[in-house]
1. For residues that are more than 8 Å from the ligand (Cβ to nearest atom), assigned to a loop (DSSP other than H, G, I, E, B) and in contact with a strand residue (DSSP E or B) (Cβ under 6 Å, 6 or more places away or on another chain), scanning just the range 599-622, find the one that is farthest from Leu633 (Cα to Cα).
2. Select, from Val235, Val307, Val303, the only residue that is farther than 21 Å from Ala489 by Cβ, in contact with a helix residue (DSSP H, G or I) (Cβ under 7 Å, 6 or more places away or on another chain) and within 12 Å of the ligand (Cβ to nearest atom).
3. Could you list, ordered by first residue, the pairs with Cβ atoms under 6 Å in which the first is in the range 329-342 and more than 16 Å from Ile317 (Cα to Cα) and the second is more than 8 Å from the ligand (Cβ to nearest atom) and not aromatic (Phe, Trp, Tyr), at least 6 apart or interchain?
4. Return the residues of the range 338-380 that are within 24 Å of Gln399 (Cα to Cα), within 16 Å of the ligand (Cβ to nearest atom) and open to solvent by 10 Å² or more (accessible area, probe 1.4 Å); say none if nothing qualifies.
5. Output the number of the condition that Pro565 fails; it satisfies all remaining conditions of (1) outside any helix (DSSP H, G or I); (2) modelled with pLDDT of 95 or more; (3) of a type outside the set (Lys, Arg); (4) under 28 Å from Ala31 (Cβ atoms).
6. So, in the range 317-352, exactly how many residues are under 16 Å from Pro605 (Cα atoms), part of a loop (DSSP other than H, G, I, E, B) and touching an Asp or Glu at 6+ places or on another chain (Cβ under 7 Å)?
7. Of everything in the range 594-609, what is of a type outside the set (Lys, Arg) and either closer than 19 Å to Arg538 by Cα or open to solvent by less than 30 Å² (accessible area, probe 1.4 Å) (or both)? Give them in sequence order.
8. Does Phe477 qualify as being farther than 20 Å from Asp617 by Cα and part of a helix (DSSP H, G or I)?
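The values are calculated or read from the model by the stated rules, or taken from the named source; none is laboratory data. Because the structure is predicted, anything quoted here is derived from the model rather than measured. Here the Cβ positions follow ideal geometry from the backbone for every residue, glycine too, while neighbour counts run over all protein chains shown. Accessible surface areas use protein heavy atoms only, side chains included; no ligands, DNA or RNA. Shrake-Rupley method; radii C 1.70, N 1.55, O 1.52, S 1.80 Å.
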Amino acid sequence: MTHRQRLLTAARGEMPDHIPYAPRIDLWYNANSLNGTLPKRHLGKTRDQIALSEGWALHKVVADHLHQPDPEAILHRALGVHFMKEYVAHFAFSDRVKIEVAREGDRTRIRYTTAKGSITTSAVYSQEMRRAGTSVPWIAEHAVKTPDDLKVLAGVFENMDVVPNYEAFKTHQAQVGENGLPVTAFTVAAGPVHHIQKYFLDATQFFHYYRDHQAEILYLADVLAPLYEKALRVVAESPAEVIQWGSNFDDMLTFPPMFAKHFVPWIRKAKEVLGHKNIRILCHTDGENLGLMDLLHESGMEVAEAVCPAPMTKVTIQEYYRRWSDRITIFGGVPSNLLLPQLTPEKDFKDFMERLFSGIGDGRRFILGIADTTPPDADFERLVRIGDMVREKGRLPLQASAFNPVDTVAVAQVLAKKKAAPASQDHQFTKIRQAVLDGQEQELIGQVKELLQKKVAPKDIIDLGMVAAMENLNQSFKNGTVFIPEVLAAARAMNTAVLFLEPHLAEKDKRSGGKILIGTVNGDLHDIGKNMVATMLRGVGFEVVDLGINIAVDAFVKKVAEEHPQVLALSALLTTTMPEMRKVIDALTRAGTRETVKVIIGGAPVNRNFADDIGADGYARDAADAIDLVRRLIG
Ligand code: B1M
C-alpha cells in the first residue's frame, strides 16, 4: 500500500497492511531550519523530503501557512478568512466592505468598514515567533471590543460569499501524490459559534460575552450559518476526501454544554452533507478531551486528529481506543513531551511506546502521529525510532492477545474528585452566596448593602459570604460540574463587590490577601489559563497585578522590584518556553530580590519535578490549586 492508501484505509475504518505513521514536523522544521540546527543528514532538505527519506507518510492536515502562492493567504486570519491553497472553498469579501490594510513592522492592522460601522483587527508575526517555530500569526487585537462590534461583523459577513478553490487544491493533491492524504478545510472552526469564539474575541473575553451577550452572539452565528451551509455544498462537489472540521477542542475552552449545543449539530450536519460524497470529517482534538469524550463519540466525527493522551492530558491512549475506536479513527497518540528527554526519560519513553502498541486492539482505526506536533527542541532520533518500531511491530492486524484493554487509572483519579464542597450553614449569607454563584453584580451589591445595614462586619461579608461561595464554585469547577463562563462571571461580580466594600473595611482588613504578580513567560502567547488563575485569585481576595503574555525575564525582575509582590506566578504552555521560568528565577537571584518573593509556576507542560528542579517555591496544577498554594505560602 502507498502512504495515501494506508491513511485513507485507516480513516475509513478498514484494515491497512501496516499502522500508518505520519508525524507532524512543521514547527520542528521551521524552527530548526531557520536556526541552522537541522540534523546533519537532513541539511538543505525540505520538510517533506526529510519525512519521505525517513520512510514516513507526509502529515498534510494543517495548511502550510508559510508557503502560500497567495501573499494575502492569511491576511484576514483575525476574521477566520483564509485563502489557502489547501482549502477547497474560500470566503469572498463583497465590494460593500471597505478594507484598509496598514503594515507596521511585524504588525498588520486592518480596518473593515460596512454600512453598520467599522472594526479593526491586528495580527503580529515576528522573526522571534518564526524562530520559535510558531506557524500562525498571533491575533493581537480582536475584532470585537464592544458588543456593538458584533453587529458590524454581521455587516461584514452578511455580504460575503463562498467560492470554490478546486484547481489550487487539485495541484496540492497532485504534489502530495501517494505520499500522504491531503486534508482540506475552509476555516478551522466547527460551526458559527466556534468561529466567533476562535477568531472574533479575545479567548477569555469570549466567555464573558457568551454569558452576558448571548443573544448578540447567536444573532451573528445566524448570519454566519448560511455561509457555512454554502461552504458545505462547495466542499461536497470538490475532489477532497477528508475535511478538517474544527480545531483546539478542549473540555475547558469548548466546554461540554456549549459543545453539545453549538458544535455537535454542525459536526453532524457536515457529516450528513459530506458523508454522501464519501468525504470524511476530521477534527483537530488536541486539547484535554476527558469531559468531551462521549459528545465527540456521538458527534459524527470520523477522524480525531492530534489526539494528545496522558501523561500530557488526562485520558490514556488505551482509554481513547476503548471508547472511540468503534467509529472514530484515532490519529496521534504520542504526546509531544515524549520526544523531549528532559521531560521524558528514556525508560518512560520506551514503556510508553510498548504500552501503546499493546493498547490499540488489532490496530484498526489508528494512525500514529505526534500530538499536536513535534516541538522544535525534540530529540529527532526518537521520532526515527518510533518509525522503526512501526516497521517492526506495526504489521496489521496486531496480535489481539497483546491488547491491554483499559488503563483507567487517570480517568478514575479524575472522577474520584467528584465531590462538592459542603454548603455552609450560616443562613444570613445564603443570598449573598447565591448572588456570587449566579455572577449577578447588581444583586450582589444589593445584598452587600443590606448586610451592611444589619451591621454585619464587612470582613465577614467577604470571607463568610463571597469567598465561601467562590470556594464552592472552584470545587465544582474542579469537578467538572460548572464551566469557565460561570466561574469568570462569579469572580468578576465578587471583584466589584470587594471594591464597593473597600471604604467600609477597617485598615487592618484591607488587602489582607496579599499581592500577586502574574504573567506568561517570554515567547508564549497562551493566556486563557493564566487569566483564569488571576481572576480566581482576585476572586478570593488577593490583589493581582497581571503583566500579560510574552513577558521578558527583565520585565519580571523590574516589576518585582517595583510592586513588591509576595508571590510571583509564572505561566507557560509550551515546552520550549518552560526554560524561561528558570531564567526568571536565576535573574531574581542575580538582582538580589529572590528572597523577597515566592515564585510559583503552572501551565500544562510543567510539573512538580520541574518546579523543584528550577528552584521554584511551588507548582499549581490548576486555578483552584493555585489558590491553595498561595495561601499555604503566604498564610
Ligand atoms: Co497552543 N499549544 N499553540 N494554542 N494550545 C498547546 C499548549 C499544546 C499542548 C497543544 C498540543 O500539543 N496538544 C501545544 C504545546 C506542545 C508543547 O509545547 N509540547 C501547543 C502549540 C504547539 C501551539 C503553537 C506552537 C501552535 C502553532 O503555532 N502551530 C502556538 C504557539 C503560540 C505561542 O505561544 N508562541 C499555539 C497557539 C495556540 C492558540 C493561539 C491557537 C491558542 C491560545 C489562545 C490563548 O491562549 N489566547 C492555543 C490553545 C487554545 C491551545 C490548547 C488547545 C488549550 C490551552 C488552553 O487555553 N487550555 C493547548 C492544549 C492543551 O493545553 N492540552 C495548546 C484551557 C486553559 C484553562 O488551561 O492553559 O492549561 P491551561 O491552564 C490551566 C492550568 O495549566 C493552570 O491553571 C489553568 C486553569 O486551570 N495554569 C496555571 C496555567 N497557568 C498557570 C499559572 C500558575 C498556576 C496555574 O501560576 C502559578
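1. Top of the filtered list is Ala616.
2. Values: Val235 fails: within 12 Å of the ligand (Cβ to nearest atom); Val303 fails: within 12 Å of the ligand (Cβ to nearest atom).
Every option except Val307 fails the conditions.
3. Listed by first residue and then by second, the contacts come to Leu339/Ala378; Leu339/Asp379; Leu339/Arg382; Pro341/Asp379.
4. Asp348, Phe352
5. (4)
6. 2
7. From the range 594-609, those of a type outside the set (Lys, Arg) are 595-597, 599-607, 609; that's our starting set.
Residues satisfying the conditions are Val597, Val599, Ile600, Ile601, Gly602, Gly603, Pro605, Val606.
8. Details: farther than 20 Å from Asp617 by Cα: yes; part of a helix (DSSP H, G or I): yes.
Here the answer is yes, as Phe477 does meet what is asked.
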